[in-house]
Amino acid sequence: MISLKSKIYVAGHKGLVGSAIVRELKKSGYKKIVVTNKKELDLSIQSDVQSFLKKLKPDFIFIAAAKVGGIYANNRFKAEFIYENLMIQSNLIHGAYLAGVKNLIFLGSSCVYPKKCKQPIKEEYLLSGKLEPTNDAYAVAKIAGIKMCESYNEQYKTNFRCLMPTNTFGPNDNYDTLNSHFIPALIKKIHRQKNKIKKEITIWGNGKAKREVIYVDDLANACVYFMNKKTKQSLINIGTGKDYTIIYYTKLIAKIILKDSYIKLKYDKSKPNGTPQKVMNISLAKKYGWQSKIKLKEAINKTYQSFLVN
């Protein structure tokens, strides 16, 4: 059990997920939360990470540091995605082992599962088929992290767990036009229609691809929950178990931002749809007593309010 006095290192504390984990830890009463910025510690430099962890000797590590992006970025910058993610996670996982840290949580993504995966996706479907080509480099890096944790647990008797969240969104998200995930991209696009007389938005593909999303504070809650939970399995899916089409999300976000104003939907079919459907089987997380609590409409509302502030 990780006590409130335990030393917890959160790698990637400035990102969407890392910042939410820090918020959740503080809310839960943890006092010794350690974070570093890139000037203090470059996670891609193995020797620096190893000496830092040996000196710090944390009781627990959250690996939320990663290079992430939407379809465009994943497809366009494959070399950076595979290299940076492999370096960051390998340095932290191996560095933890060398420093005698037995407990960590590595955060992955639902994109580790095959493109044409049976739905809903169970943990056992990992490596059972071909990946979605638009983000295969990122997925391969994350799969390597999962296998690394499993291998260290087997050989060195560590307690390294991997949580695989579905599409995550919330405060502190990335709203870059070409580099964001679809929920922040839709929020930004629809917000820009606010003062226009003729409101219209273009969706990539046909809008029929189905996606499951989770609010980042729900994911952070799962991270802290499983930090204190003994599990036989090292790989656990984290999601809501509910998926909707891109069209559904677009209309819901438009209703929240534009109230009752009419918005015309257009489709750019020259752009990819991505994976046709992606919904997680979350029965393992539920078996251990965790499930998401924040409703979709409330989550989008909170995200939009933080978008307006920032």
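The values are calculated or read from the model by the stated rules, or taken from the named source; none is laboratory data. These numbers come from a predicted model, not from an experiment. So basically every Cβ, Gly included, is an ideal-geometry build from the backbone, and we count neighbours across all protein chains shown.
Structure notes:
- Residue match in segment 296-306 (condition: buried (at least 18 other Cβ atoms within 10 Å of the Cβ) and assigned to a loop (DSSP other than H, G, I, E, B)): no
- Taken over segment 235-272, the criterion of being in contact with an Asp or Glu (Cβ under 8 Å, 6 or more places away or on another chain), buried (at least 20 other Cβ atoms within 10 Å of the Cβ) and of a type in the set (G, A, S) is satisfied by G239 alone.
- Condition met for N206 (in contact (Cβ under 8 Å) with a residue 12 or more places away in the chain, part of a strand (DSSP E or B) and not aliphatic (A, V, I, L, M)): no
- Scanning segment 92-145 for residues that are surrounded by fewer than 22 Cβ atoms within 10 Å (Cβ to Cβ), of a type in the set (S, T, Y), out of contact with any helix residue (DSSP H, G or I) (no Cβ under 7 Å at 6 or more places or on another chain) and not in a loop (DSSP other than H, G, I, E, B) yields one hit, Y125.
- Residue identified as under 19 Å from D173 (Cα atoms), at pLDDT below 95 and of a type outside the set (F, W, Y) among V22, V68: V68
- Among the residues listed as L284, L258, L265, the single one being in contact with a strand residue (DSSP E or B) (Cβ under 7 Å, 6 or more places away or on another chain), in contact (Cβ under 8 Å) with a residue 12 or more places away in the chain and under 17 Å from K198 (Cα atoms): L265
- Candidates S151, S180 - the one that is of a type outside the set (A, V, I, L, M, F, W, C) and surrounded by 17 or more Cβ atoms within 10 Å (Cβ to Cβ): S180
- Looking only at residues of segment 24-59 that are crowded, with 18+ Cβ neighbours inside 10 Å and over 21 Å from H94 (Cα atoms), we find that the one that is nearest to the chain's Cα centre (by Cα) is E24.
- Which listed residue, of Y175, Y152, is touching a Lys or Arg at 6+ places or on another chain (Cβ under 8 Å), among the aromatic types (F, W, Y) and either within 19 Å of L107 (Cα to Cα) or touching a residue at least 40 places away in the same chain (Cβ under 8 Å) (or both): Y175
- Residues satisfying the stated conditions in segment 29-81, i.e. over 21 Å from V101 (Cβ atoms) and of a type in the set (A, V, I, L, M, F, W, C): V68, I71, A73, F77, A79, F81
- Some residue of segment 269-288 being at pLDDT 95 or above and touching a Phe, Trp or Tyr at 6+ places or on another chain (Cβ under 7 Å): no
- Scan of segment 209-243 for residues that are closer than 26 Å to S306 by Cα and in a strand (DSSP E or B), ordered by number: K210, R211, V213, I214, Y215, I238
- Of the residues screened, W204 is one that is crowded, with 17+ Cβ neighbours inside 10 Å, touching a Lys or Arg at 6+ places or on another chain (Cβ under 9 Å) and modelled with pLDDT under 95.
- Subset tally (residues that are modelled with pLDDT of 95 or more, closer than 17 Å to L53 by Cβ and either charged (D, E, K, R) or part of a loop (DSSP other than H, G, I, E, B) (or both)) for segment 1-19: 4
- Taken over segment 20-65, the criterion of being under 20 Å from F226 (Cα atoms), without any contact (Cβ under 8 Å) to a residue 40 or more places away in the chain and not in a loop (DSSP other than H, G, I, E, B) is satisfied by V22, K26, K27, K32, I33, V34.
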